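For reference, the structure discussed in these notes is given below.
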Amino acid sequence: MANLGFVGLGVMGGQMVNRLLSKGHTVTGYNRTRSKAQWLIDKGMKWADSPRGVAAAADVTFAMVTNSAAITSITEGPDGLLAGLNAGKIFVDISTVSPSVSRGLAAKVREKGADMVDSPVSGSVITLQEGKLSVMVGGRRETFERVKPLLLDIGPKVTYVGDNGLALAMKIAVNLSLAVQMMAFSEGVLLAEKSGIARETAVDVLTHSAVASPMIQYRGPFVLRQPEEAWFDVNMMQKDMLLAMELGRQLDVPLPTTAVSNEFLTAARGMGMAKLDFAVVFDVLARMSGISK
């Protein structure tokens, strides 16, 4: 069993720690708001007062935070994660951030004698709880081989995609498709509904049809009722869409459906729905279609 650390104990991060604890690993954790981590402390997770404390206590430290600014905030400074690293330790960043920011951070980690991989995941809280999460890894292959058994305890599908930053590029490619699929699904539901078919029926047919990807099967019913807690809110999805469009500009890859879908996320924010699951783009399109609810 491994001696692990984890920084960022939100919805997904907390559930990952729960899985790691259930596998018998020792986990030292830190979260900006300690009260949100109390349920994990009650399950046996050790607590550290800073990211530095987590990295100092662990052989392998994971982090899952919201964006590039957040990963900088938990790694830099006297209480940052970098200050707790030394030779032989490994940092596994599960956050979805800019590939270039991640590569720069990996260089700083190596200056400490440690190593780093970017390891974003594809899936939601439900897929994580069901043990169906997919994990992508970018970095040195020998480091990947060392952390692979730990990542398999989080999700059953772990894929090495190449050098540092490439797992993030892959994750961005996945996430742009989620928003685009949700837009297409919403168009289909609304076309059926305005033709005279009950929304519930349209959702049932589409989520059992040839277009029913795993994401559509899980998230499609959200057009009928939003979850009590967003799985992946509008702000988080738009962050990834903006990363995708920036990467597209850098690589000369046009992303027309990504750009259109991003505008609907902006509209959702303008309508006060930024904290709802990104499936709320359905409501934006419904209002444009003359349907109030």
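Couple of notes before you dig in:
- Yes/no for Val147 being farther than 17 Å from Val101 by Cα, open to solvent by 20 Å² or more (accessible area, probe 1.4 Å), part of a helix (DSSP H, G or I) and in contact with a Ser or Thr (Cβ under 9 Å, 6 or more places away or on another chain): no
- Those residues of the stretch 119-143 which are part of a loop (DSSP other than H, G, I, E, B) and open to solvent by 10 Å² or more (accessible area, probe 1.4 Å), in sequence order: Gly123, Ser124, Glu130, Gly131, Lys132, Arg140
- Listed by first and then second residue, the pairs linking a residue in the stretch 95-122 that is under 19 Å from Ala83 (Cα atoms) to a residue that is aromatic (Phe, Trp, Tyr) and in a strand (DSSP E or B), with Cβ atoms under 8 Å apart and 6 or more places separating them unless they lie on different chains, are Val109/Phe91; Ala114/Phe91; Asp115/Phe91; Met116/Phe91; Val117/Phe91.
- Residue within the stretch 170-188 that is outside any helix (DSSP H, G or I) and either farther than 17 Å from Phe278 by Cα or touching a strand residue (DSSP E or B) at 6+ places or on another chain (Cβ under 6 Å) (or both) present: no
- Test: residue in the stretch 69-80 that is in contact (Cβ under 8 Å) with a residue 60 or more places away in the chain and open to solvent by 50 Å² or more (accessible area, probe 1.4 Å): no
Results for (1) over 27 Å from Ala69 (Cβ atoms); (2) modelled with pLDDT of 95 or more; (3) not basic (Lys, Arg), shown as yes or no for each residue.
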| position | (1), (2), (3) |
| --- | --- |
| Thr201 | yes, yes, yes |
| Thr207 | yes, yes, yes |
| Leu242 | no, yes, yes |
| Arg249 | no, yes, no |
| Phe264 | no, yes, yes |
| Ala274 | no, yes, yes |
| Phe282 | yes, yes, yes |
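- Restricting the search to helices (runs of 4 or more DSSP H) fully inside the stretch 1-118 and requiring at least 2 residues that are at pLDDT 95 or above, touching a strand residue (DSSP E or B) at 6+ places or on another chain (Cβ under 9 Å) and over 29 Å from Pro156 (Cβ atoms) gives 51-57, 99-111.
- Qualifying residue in the stretch 60-67 (condition: closer than 10 Å to Gly5 by Cα, open to solvent by 60 Å² or more (accessible area, probe 1.4 Å) and of a type outside the set (Asp, Glu)): no
- Selected residue (only one of Arg249, Arg269 is in a helix (DSSP H, G or I), over 20 Å from Val189 (Cα atoms), open to solvent by 80 Å² or more (accessible area, probe 1.4 Å) and touching a residue at least 24 places away in the same chain (Cβ under 8 Å)): Arg269
The values are calculated or read from the model by the stated rules, or taken from the named source; none is laboratory data. For clarity, every value in this text was computed on a predicted model and none was experimentally measured. With ideal geometry, Cβ positions are generated from the backbone for all residues, glycine too; neighbour counts draw on all protein chains shown. Remember, those area values only see protein heavy atoms, side chains included, never the ligands or the DNA or RNA. Shrake-Rupley method; radii C 1.70, N 1.55, O 1.52, S 1.80 Å.
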